[in-house]
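Engineer: Below is a structure I'd like to ask you about.
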Amino acid sequence: NDFINKNFRKEELLIRIHNMMEMYEHLRKIENQIIIEPLTKVYNRFYLENELEKLFKYYSQKSVAMLDIDFFKKVNDTYGHQTGDEVLKNFANTIKSVVRKSDIIIRYGGEEFLIFMPNTTKYEAMVVVYKIKKTLKVCCGVVNYTFSAGIADEGDTLVEMIKLADKRLYIAKEKRNLIIVK
């Protein structure tokens with residue numbers, strides 16, 4: 001992005017290096033703003049659609065878990081949207097505290113989160129999701145909430161695996177506070 005003539009001063013070189021480093025940092029911040037959801041600080045749908053698809057093919061064994069907070073609309077209606085935001089942050093932080101560094105958390109939609117777990121069967125993923133359930137705490141001192149989940153490790157593509165996990169989530173949501181793997 002820059003060049004310098006052969007006869008240069010040390011100060012000029014240092015200034016140019018400094019400017020390039022500032023530009024690099026600025027571009028990294030912009031990249032993070034594009035792929036990180038600002039409220040929960042987890043990846044967003046843009047990351048899912050543009051990056052995760054590339055990673056999917058590198059793992060022979062992987063699982064996807066779809067988690068959805070039960071009765072979230074009721075939380076917003078009862079306690080307000082600010083408290084609802086706190087519940088979302090609490091939920092995302094709980095997930096982060098349980099999953100491995102290699103697992104990828106994505107805010108899929110409103111109160112729905114997707115966890116991509118490489119080198120994991122759906123039964124191993126179920127253990128992780130149960131641990132999230134066990135770790136979940138009351139938020140804001142008043143909101144005791146649960147979630148439902150669907151987990152899949154079947155499918156040749158990420159889209160197929162997500163559809164199956166979502167279908168299982170839908171079944172779990174009928175009764176609430178369940179995890180479905182079949």
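The values are calculated or read from the model by the stated rules, or taken from the named source; none is laboratory data. Not measured: the values here are computed from a predicted model. We place every Cβ from the backbone using ideal geometry, glycine too, and count neighbours over all the protein chains shown. Only protein heavy atoms, including side chains, enter the accessible area calculation; ligands, DNA and RNA are left aside. Shrake-Rupley method; radii C 1.70, N 1.55, O 1.52, S 1.80 Å.
Engineer: Dipole of the range 143-182, Cα-centred, from +1 at each Lys and Arg C-beta and -1 at each Asp and Glu C-beta, to the nearest 20 debye?
Structural biologist: Magnitude of the dipole: close to 300 debye.
Engineer: State whether the range 25-101 is rounded, prolate or oblate according to the following rule on the C-alpha gyration tensor (a ≥ b ≥ c being the square roots of its eigenvalues): a/c under 1.5 gives rounded; otherwise a/b larger than b/c gives prolate, and the remaining case gives oblate.
Structural biologist: Oblate is the answer for the range 25-101, as a/c is 1.5 or above yet b/c matches or exceeds a/b.
Engineer: May I ask you to compute the full-extension gain from ASN7 to LYS137, defined as 0.36 nm times their residue separation minus their alpha-carbon distance, rounded to one decimal in nm?
Structural biologist: 40.4 nm
Engineer: Sticking with this structure for a sec: Under a 1.4 Å probe, what is the accessible area of the chain per residue, stated in Å²?
Structural biologist: Using a 1.4 Å probe on heavy atoms only, each residue of the chain averages 62 Å².
Engineer: Now a separate question. Rounding to the nearest 20 debye, state how big the charge dipole of the chain is about its Cα centre with +1 on each Lys and Arg Cβ and -1 on each Asp and Glu Cβ.
Structural biologist: Dipole size: approximately 520 debye.
Engineer: Now a separate question. Using only Cα atoms, what is the ratio of the radius of gyration of the chain to 2.2 N^0.38 Å?
Structural biologist: Output field value: 1.31.
Engineer: Within the range 141-158, whose backbone N sits under 17 Å from a point 7 Å along Cα→Cβ of TYR79?
Structural biologist: The answer is 141-148.
Engineer: I've got another one for you. Set the bar at 32 Å for Cα to Cα. Now go through LYS6/LYS54; LYS73/LYS96; LYS137/LYS167; LYS101/LYS167 and name every pair that lies beyond it.
Structural biologist: LYS6/LYS54
Engineer: Once the dipole of the chain is set up with Lys and Arg at +1 and Asp and Glu at -1 on Cβ about the Cα centre, which of GLN33, VAL138, MET66 lies farthest towards its positive end?
Structural biologist: Final value for the positive-end residue is VAL138.
Engineer: What whole number of Å gives the distance from the Cα centroid of the range 75-124 to the Cα centroid of the range 7-40?
Structural biologist: The two parts, judged by their Cα centres, are 31 Å apart.
Engineer: Label ASN32 and LEU14 with points 7 Å out from Cα along Cα→Cβ: what is the distance between them in nm?
Structural biologist: For ASN32 paired with LEU14, the spin-label model returns 2.7 nm.
Engineer: How far is it, in nm, from the label point at LYS182 to the one at MET21 when both lie 7 Å from their Cα along the line to the Cβ?
Structural biologist: It works out to 5.9 nm between the two label points.
Engineer: Check which residues have an amide H placed less than 5 Å from THR120's amide H, if you skip close sequence neighbours.
Structural biologist: LYS62, SER63
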